[in-house]
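K.L.:
Before anything else, here's the structure in question.
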Amino acid sequence: MANYTPKNILITGAAGFIASHVANRLIRSYPDYKIVVLDKLDYCSNLKNLNPSRSSPNFKFVKGDIGSADLVNYLLITESIDTIMHFAAQTHVDNSFGNSFEFTKNNIYGTHVLLEACKVTGQIRRFIHVSTDEVYGETDEDAVVGNHEASQLLPTNPYSATKAGGVDRLVDGPENAEFDSSNLAINTSQIGVQVPSSKTSVSSKKPALKFLIYGKTGWIGGLLGKLCEKQQIQYEYGKGRLEDRSQLLADIQTIKPTHVFNAAGVTGRPNVDWCESHKTETIRTNVSGTLNLADVCREHGLLMINFATGCIFEYDAKHPEGSGIGFKEEDTPNFIGSFYSKTKAMVEELLKEYDNVCTLRVRMPISSDLNNPRNFITKIARYNKVVNIPNSMTILDELLPISIEMAKRNLRGIWNFTNPGVVSHNEILEMYKKYINPEFKWVNFTLEEQAKVIVAPRSNNELDASKLKKEFPELMSIKESLIKYVFEPNKKH
Ligand SMILES: O=c1ccn([C@@H]2O[C@H](COP(=O)(O)OP(=O)(O)O[C@H]3O[C@H](CO)[C@@H](O)[C@H](O)[C@H]3O)[C@@H](O)[C@H]2O)c(=O)[nH]1
């Protein structure tokens, strides 16, 4: 929660008196926040209240009822809502005597629908429920101490009774929810005077997540499963082939995941040169398959975390080697030297059209398992000759837990998924020598010499990891991470 800043806020009842002021103010003062307002435009609300915001790009109005679970779930998912400010309510006390059912429906059932949606989607970081001071009933005129948040609720009319009902449900909380809930009791007869909010954190409870992971036999897919077990997150591996839409549908229908991880794909054995001689197989899985899965997930309102590659760039005049100027998320790929990279760049471009996809650009992945033949360190330690070029790389031990957190935060779009900074082959092998084997020796060769022993050129680049660092300030630089996660735990000397 420490790093949480709202991005996409749902305001219910925003055409009403109080919420429209809040919505208009937020839209004006925070152009970076997307404000989605939901209101059924009942007798006590008026769309004109939102006139000041109508033309703002960060404003979206949806006419609808908070009592519709389908609508609320749909909105939370498609708009990537992370924060709810819940104002929608039937409020006219007099009406509540003759028409108490409407009050129960809106104020209790409606609130419960919202909370259930928080539980089901598992993506709401903060829920602010605007209530009323009337839940406390009458306070003696000569009372010395006013009501505090934990005071007994003694509503005296059907309206305040429904508000107390809604609040009760909120504070008890939907089980499994992981979000902060704040109750604001507002004295509507004296707008502007607010009882301070009480914060009830239920963040120690686990959210009801269920991950569907593709890539069971792969390195990253295998590690993800282990992480889920460690973090007690429910998960299952997909049985379907990515290129078979009906099998993917069957997986989603039987597993009913909250999120889908795609760590399936061909990267070639022993290396990407394999793709040069297996082009249709590469297309089938990496292109058709990935797009298929993204599309099926989109149809089901599911976020797909896609393990992609950053090997679609190479140093150029604007991003020269050693300059510290890395390629950013929005930069257009400029490396198509290998068939593998070429198709990956094409898929990335197409996936931009899918707003349910989070693309993670992994590079030269490294883990603490130095026996794994996929591990970049293992690879370069075994080659007869190695090139020596600084590159961005991904320390899986640090970054895979971050990918899970990204799913929980429902982050989308493209992310350079590497540790900040670069490290060269020789710098890694020096560390290898220091921590693992003091006898270790290696021979360097040039890219031209390397071209004679491999089929396709390899990409060398620096990715700008500042977007990831901003979201996860604790992210370590590549060299620090290498020492902490790989070399210290494997230290032999
Ligand atoms: O004789 C050699 C062969 C390769 N290399 C270098 O070793 C590194 C790894 O190359 P290679 O083993 O051929 O790996 P790739 O097949 O290019 O695989 C990398 O890129 C793939 C696609 O992104 C990822 O799936 C892999 O995990 C990642 O190691 C690169 O810097 C190469 O330039 C040498 O120094 N000497």
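The values are calculated or read from the model by the stated rules, or taken from the named source; none is laboratory data. Keep in mind that what you see is a predicted model, and the values were worked out from it rather than measured. Reconstructed Cβ throughout: ideal geometry from the backbone, glycine too, with neighbour counts over all protein chains shown. We work out accessible area using only protein heavy atoms, side chains counted, and drop any ligands, DNA or RNA first. Shrake-Rupley method; radii C 1.70, N 1.55, O 1.52, S 1.80 Å.
K.L.:
Would you mind telling me which numbered condition in (1) in a loop (DSSP other than H, G, I, E, B); (2) surrounded by 20 or more Cβ atoms within 10 Å (Cβ to Cβ); (3) free of Cβ contacts under 8 Å to residues at least 60 places away in the same chain S55 fails?
P.N.:
Failed condition: (2).
K.L.:
When segment 229-277 is examined, which residues are found to be of a type in the set (D, E) and open to solvent by less than 30 Å² (accessible area, probe 1.4 Å)?
P.N.:
D251, D273
K.L.:
Do you know which residues across segment 309-325 are small (G, A, S) and either farther than 25 Å from R298 by Cβ or away from the ligand (no atom under 13 Å from the Cβ) (or both)?
P.N.:
A317, G322, S323, G324
K.L.:
For segment 381-413, give me the residue count where each residue is open to solvent by 10 Å² or more (accessible area, probe 1.4 Å) and either assigned to a helix (DSSP H, G or I) or away from the ligand (no atom under 15 Å from the Cβ) (or both).
P.N.:
The number of residues fulfilling the criteria is 13.
K.L.:
For K328, only one of the following conditions fails: (1) open to solvent by 50 Å² or more (accessible area, probe 1.4 Å); (2) modelled with pLDDT of 95 or more; (3) within 16 Å of the ligand (Cβ to nearest atom). What is its number?
P.N.:
Going through (1) open to solvent by 50 Å² or more (accessible area, probe 1.4 Å); (2) modelled with pLDDT of 95 or more; (3) within 16 Å of the ligand (Cβ to nearest atom) one by one, K328 breaks only (3).
K.L.:
Determine if segment 472-479 includes at least one residue that is within 16 Å of the ligand (Cβ to nearest atom) and surrounded by fewer than 16 Cβ atoms within 10 Å (Cβ to Cβ).
P.N.:
no
K.L.:
Further, regarding this structure: Within segment 331-340, track down each residue that is within 14 Å of the ligand (Cβ to nearest atom) and either part of a helix (DSSP H, G or I) or without any contact (Cβ under 8 Å) to a residue 60 or more places away in the chain (or both).
P.N.:
Selection gives P333, I336, F339, Y340.
K.L.:
Give me the pairs, please: first residue somewhere in segment 69-88 and closer than 15 Å to Y4 by Cβ and of a type in the set (G, A, S), second residue anywhere and open to solvent by 40 Å² or more (accessible area, probe 1.4 Å) and not in a helix (DSSP H, G or I), beta-carbon distance under 8 Å, and either six or more positions apart or on two chains.
P.N.:
Pairs that qualify, where the first residue is closer than 15 Å to Y4 by Cβ and of a type in the set (G, A, S) and the partner is open to solvent by 40 Å² or more (accessible area, probe 1.4 Å) and not in a helix (DSSP H, G or I), are S80/K7; S80/R412.
K.L.:
Any residue at all in segment 35-51 that's over 25 Å from I108 (Cβ atoms), out of contact with any strand residue (DSSP E or B) (no Cβ under 7 Å at 6 or more places or on another chain) and of a type in the set (S, T, Y)?
P.N.:
Taking every residue of segment 35-51 in turn, none turns out to be over 25 Å from I108 (Cβ atoms), out of contact with any strand residue (DSSP E or B) (no Cβ under 7 Å at 6 or more places or on another chain) and of a type in the set (S, T, Y).
K.L.:
Okay, moving on. With (1) over 25 Å from the mean Cα position of the chain (by Cα); (2) modelled with pLDDT of 95 or more; (3) under 23 Å from V272 (Cα atoms) as the list, and I336 as the residue in question, which single condition is left unmet?
P.N.:
The failed condition is (2).
K.L.:
Looking at segment 58-79 only, could you name the residues that are in a loop (DSSP other than H, G, I, E, B) and closer than 14 Å to E116 by Cβ?
P.N.:
Of everything in segment 58-79, those that are in a loop (DSSP other than H, G, I, E, B) and closer than 14 Å to E116 by Cβ turn out to be I66, G67, S68.
K.L.:
Hey, another quick one. Does K441 satisfy being without any contact (Cβ under 8 Å) to a residue 12 or more places away in the chain, out of contact with any Phe, Trp or Tyr (no Cβ under 6 Å at 6 or more places or on another chain), over 20 Å from E330 (Cα atoms) and away from the ligand (no atom under 12 Å from the Cβ)?
P.N.:
yes
K.L.:
So which pairs qualify, if the first residue must be in segment 365-390 and under 20 Å from F307 (Cα atoms), the second must be more than 6 Å from the ligand (Cβ to nearest atom) and of a type in the set (F, W, Y), the Cβ gap must be under 6 Å, and the two must be at least 6 apart or on different chains?
P.N.:
Partner pairs satisfying both residue conditions: S368/Y485; R374/W219.
K.L.:
Which is more than 19 Å from the chain's Cα centre (by Cα) and modelled with pLDDT of 95 or more, of I255, I233?
P.N.:
I255
K.L.:
Regarding segment 438-450, can at least one residue be identified that is closer than 24 Å to D369 by Cα and either open to solvent by less than 10 Å² (accessible area, probe 1.4 Å) or assigned to a helix (DSSP H, G or I) (or both)?
P.N.:
no
K.L.:
Can we say I128 is aliphatic (A, V, I, L, M), in contact (Cβ under 8 Å) with a residue 12 or more places away in the chain, outside any helix (DSSP H, G or I) and open to solvent by 20 Å² or more (accessible area, probe 1.4 Å)?
P.N.:
Taking the combined requirement at face value, the residue satisfies it.
K.L.:
Go through the residues of segment 341-364 one by one and say whether even a single one is farther than 19 Å from F307 by Cβ, in contact (Cβ under 8 Å) with a residue 12 or more places away in the chain and either more than 9 Å from the ligand (Cβ to nearest atom) or assigned to a loop (DSSP other than H, G, I, E, B) (or both).
P.N.:
Within segment 341-364, not a single residue is farther than 19 Å from F307 by Cβ, in contact (Cβ under 8 Å) with a residue 12 or more places away in the chain and either more than 9 Å from the ligand (Cβ to nearest atom) or assigned to a loop (DSSP other than H, G, I, E, B) (or both).
K.L.:
Given the conditions (1) within 15 Å of the ligand (Cβ to nearest atom); (2) more than 14 Å from E471 (Cβ to Cβ), report the number of the one that K433 does not fulfil.
P.N.:
(1)
K.L.:
Can you report the number of residues in segment 256-288 which are away from the ligand (no atom under 16 Å from the Cβ) and in contact (Cβ under 8 Å) with a residue 40 or more places away in the chain?
P.N.:
Within segment 256-288, residues that are away from the ligand (no atom under 16 Å from the Cβ) and in contact (Cβ under 8 Å) with a residue 40 or more places away in the chain number 8.
K.L.:
Additional query: Checking the conditions here, which among K226, K216 is part of a helix (DSSP H, G or I), among the charged types (D, E, K, R) and open to solvent by 50 Å² or more (accessible area, probe 1.4 Å)?
P.N.:
Sole residue among the options that is part of a helix (DSSP H, G or I), among the charged types (D, E, K, R) and open to solvent by 50 Å² or more (accessible area, probe 1.4 Å): K226.
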